[in-house]
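The values are calculated or read from the model by the stated rules, or taken from the named source; none is laboratory data. None of these values were measured; they are calculated from a predicted model. Here the Cβ is made from the backbone with ideal geometry for all residues, glycine too, and neighbour counts use every protein chain on show.
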Amino acid sequence: MAGKKREIQLQAVVNSQSLWDEMLQNKGLTVIDVYQAWCGPCKAMQTLFRKLKNELNEDELLHFVVAEADNIVTLQPFRDKCEPVFLFSVNGKIIAQINGANAPLVNQKIINLVNEERKIAAGEMVRPQYHEIVFVDPDADDGGEAPSESVDQFYIIAIIKPDAVISRKSQEIRQNIIKAGFVIEIEEKRALTERQVRDFYYRIADQPDFEDFVHFMTGGLSHILVLSQGTEEEPALEETEPNPEMEAKGIYEDHNAGVTTPMMKKRDSLQEYLERQHISQFCDIEENITDVNHFIDMFFPDFKSMKNLKLEKILALLRPALFQEKKEDVLKIIEDEGFKILMQRQIVLSEEEAQTLCKEYENEDYFEKLIEKMTSGPSLALVLVRDHGLQHWRELIGPGSVEKAKEYLPESLCVRFAMEDLPINQLYGSDSLEAARREIQYFFPPQNTLALLKPHVTQEQREEILELIRKTGFEITQMKEILLNEEAAEKIYSKITGKDFYQDVLEVLSEGPSLVLVLTKWNAVSDWRRLMGPTDPDEAKLLSPDSIRAQFGRSILKNAVHGASNAYEAMESINRIFQEFVPENPEGN
């Protein structure tokens with residue numbers, strides 16, 4: 001309880017406009033931690049503030065405050081932004097702002113400003129004429145008032161059809177949409193259910209070929225996008241050269257996409273734009289506000305909560321000594337801090353890999369010893385995801401040096417898990433999202449495998465299996481419904497064509513269409529075989545009760561699913577079934 005009391009005394013709480021105005025009457029320097037109610041103040045900096053408060057011993061000149069942006073009109077521009085912001089007020093004037101928990105920079109700023117206040121009080125210098133920071137709300141219009149209409153009305157649903165996905169034309173359509181100035185809020189490739197198709201296309205349900213259309217839409221992978229209007233203009237027709245800045249950057253980076261070219265004209269609707277680009281036949285649009293809200297709830301039920309998050313994937317690594325001695329302790333902390341572990345693997349680093357990961361220490365006299373330690377045994381590599389994961393992980397583990405961590409962030413994991421033989425942080429984390437992408441790609445290279453859902457699997461069971469596949473971390477890269485006659489079946493079952501039971505397999509496959517998938521993730525082949533379970537469903541129920549065959553298999557022949565045995569067989573089968581397939585991250589297998 002005593003610790004809690006010290007924190008309250010250290011930072012005054014400002015959670016209303018009147019308290020904000022009162023706070024501006026403080027004499028000297030006030031350091032303000034601006035926060036959102038849903039994520040709280042920056043705990044990582046409190047140790048530094050307490051240290052400075054004790055060392056500088058300036059109760060009259062130095063004040064610390066936490067200010068809740070949600071309830072303070074002045075701080076409206078900082079709402080819905082999770083990154084920590086520190087404001088510096090001198091005698092009621094906001095003179096400086098630091099974004100992010102940059103402990104050394106904040107530390108130096110406070111010391112400099114307090115020293116100035118001391119000199120001013122002693123008559124040794126004249127108060128500088130600081131320029132006061134003016135907060136501007138980027139979302140406000142010219143009248144300074146936020147629009148009263150719901151932002152939901154600006155959303156558009158786009159469905160890129162299966163024939164465009166399987167021919168990889170969906171990426172071209174996607175880039176055209178971005179180039180037109182629309183913003184992709186969220187997107188996903190998935191197999192639509194019959195109910196979803198009938199719901200989305202209810203306006204054409206009376207057309208004579210609608211049943212065939214439903215079969216077409218449920219027999220392959222569609223690409224679903226939620227779009228917002230972005231800017232109010234689009235490139236003129238003469239603007240035909242691709243803008244490299246508009247290349248697809250991923251689901252959580254498209255919020256910043258836009259086009260700024262000298263030749264602009266009033267934007268058409270997305271439907272009109274797609275028609276001008278001669279690609280409207282591959283993509284269907286819904287712009288009616290009521291229907292859009294309904295379909296967002298149908299396709300992306302967590303959209304509203306997800307939109308306020310900035311989920312970031314990073315690579316984290318436990319160096320060999322820490323992995324051997326404190327692995328479970330670290331994993332528990334990772335879980336408690338709200339990270340989800342998407343993938344993990346043990347890896348013994350080569351000397352070259354160790355040198356790359358330890359580059360920041362290459363000029364230290366212990367560098368050779370560090371490389372020796374890094375290559376002496378397995379490290380644990382992790383892919384972590386969390387809201388603002390990059391920044392939170394960097395704050396959690398602290399600086400790369402134990403000495404700096406003890407000075408600025410003594411409660412960091414760097415200090416907590418310091419090893420006597422090396423003065424470095426025993427945990428590593430990506431230092432940028434771009435580095436994270438490269439490192440994840442390197443340590444967890446994606447692999448493709450072929451999966452088959454057999455004819456006896458009902459439509460309802462298909463949907464359950466596809467959902468299970470997604471929840472297990474696979475990306476469904478391609479999908480095709482196909483009747484596997486003898487010629488087609490041989491493309492998948494080539495290694496058993498001479499077996500006595502092959503005719504029985506063909507008989508089962510001829511009962512109706514199968515669903516053939518390309519699944520992508522790191523270690524896809526073995527992970528898919530593990531998810532399928534043993535060949536015999538009865539054995540699967542005993543040994544792997546959560547597996548697909550245990551839940552949906554009827555017999556050895558009608559065991560619901562099939563998968564490639566190895567990476568070579570997977571790529572051979574994929575190339576035979578999906579002649580158009582080009583892996584986005586090809587592997588040499």
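Among (1) at pLDDT 70 or above; (2) at negative phi; (3) part of a loop (DSSP other than H, G, I, E, B); (4) of a type outside the set (Asp, Glu), where does Thr260 come up short?
The one condition Thr260 does not meet is (1).
Could you list, in sequence order, all residues of segment 484-498 that are surrounded by 15 or more Cβ atoms within 10 Å (Cβ to Cβ) and of a type outside the set (Phe, Trp, Tyr)?
Of everything in segment 484-498, those that are surrounded by 15 or more Cβ atoms within 10 Å (Cβ to Cβ) and of a type outside the set (Phe, Trp, Tyr) turn out to be Leu484, Ala488, Ala489, Glu490, Lys491, Ile492.
Would you point out the residue of segment 156-184, among those that are over 17 Å from Gly220 (Cβ atoms) and either in contact with a Phe, Trp or Tyr (Cβ under 7 Å, 6 or more places away or on another chain) or among the β-branched types (Val, Ile, Thr) (or both), that is modelled with the highest pLDDT?
Ile157
Each row is one residue, and each column tells you yes or no for (1) assigned to a loop (DSSP other than H, G, I, E, B); (2) touching a residue at least 12 places away in the same chain (Cβ under 8 Å); (3) in the same structural domain as Asp546 (by the TED database); (4) under 24 Å from the mean Cα position of the chain (by Cα).
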site: Val457; (1), (2), (3), (4): yes, yes, yes, no
site: Gln461; (1), (2), (3), (4): no, yes, yes, no
site: Asp500; (1), (2), (3), (4): yes, no, yes, no
site: Glu511; (1), (2), (3), (4): yes, yes, yes, no
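Would you call Lys521 of a type outside the set (Val, Ile, Thr), over 27 Å from Gln447 (Cβ atoms) and surrounded by 15 or more Cβ atoms within 10 Å (Cβ to Cβ)?
Criteria not met by Lys521.
Pick out, from segment 1-97, the strands (runs of 3 or more DSSP E) lying fully within it that include 2 or more residues that are within 28 Å of the chain's Cα centre (by Cα) and buried (at least 19 other Cβ atoms within 10 Å of the Cβ).
Qualifying strands (runs of 3 or more DSSP E): 29-35, 85-90.
I'm told Gln478 meets every condition in (1) crowded, with 18+ Cβ neighbours inside 10 Å; (2) part of a helix (DSSP H, G or I); (3) among the polar types (S, T, N, Q) except one. Can you identify the failing condition by its number?
(2)
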